[in-house]
Amino acid sequence: MNNSQKLFEVMAVALSIPVDTVTDDMAYQGIPEWDSMTHLEVVAGIEQAFSIGIDMEDVLEMGSVGKIKTLLQKYNVVFAS
C-alpha cells in the first residue's frame, strides 16, 4: 500500500465513507461527514498511520486531502507524483 492509499484509507475510516469516494479535492466541511469533530479523528488517524505528531499550526491548515498531502511532506511522508 502506497502513502496515497494509506491516507485515503485513514480518511475513509475517520469519516465513515467508502474509500473510493476519497479524492485529493475533498475538502474540510465540503461533505457533511467532515466536520470539526471528525477532523480530529482524521488527524489522530494520520498520526497513527504514519507514526508522526502533527503541529497544531498544520492541523489548522488541513483544508483538503490535497493540502494534507502537501503538509505531510514536511514530516517526511512521500507521495508519488
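Throughout, read-outs are computed from the coordinates displayed, never taken from laboratory work. This is a predicted model, so every value here is computed, not measured. Cβ atoms come from the backbone with ideal geometry, glycine included; neighbour counts cover every protein chain shown.
The table below lists the values:
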quantity: Residue-averaged 222 nm ellipticity for the chain, from DSSP H runs of 4+ at -39500 (n - 2.57), nearest 500; calculated: -15500 deg cm²/dmol
quantity: Which labelled figure in (1) -0.49, -0.89, -0.96; (2) -0.38, -0.83, -0.92; (3) -0.60, -1.12, -1.19 is log10 I(q)/I(0) by the Debye sum over Cα atoms at q = 0.14, 0.20, 0.21 Å⁻¹, once derived from the coordinates; calculated: (2)
quantity: Shape of region 1-47, Cα gyration tensor, a/c cut at 1.5; calculated: oblate
quantity: Region 3-75, relative contact order in percent, only Cα pairs under 8 angstrom and at least six apart counted; calculated: 31
quantity: The chain, dipole about Cα centre (Lys/Arg Cβ +1, Asp/Glu Cβ -1), debye to the nearest 20; calculated: 240
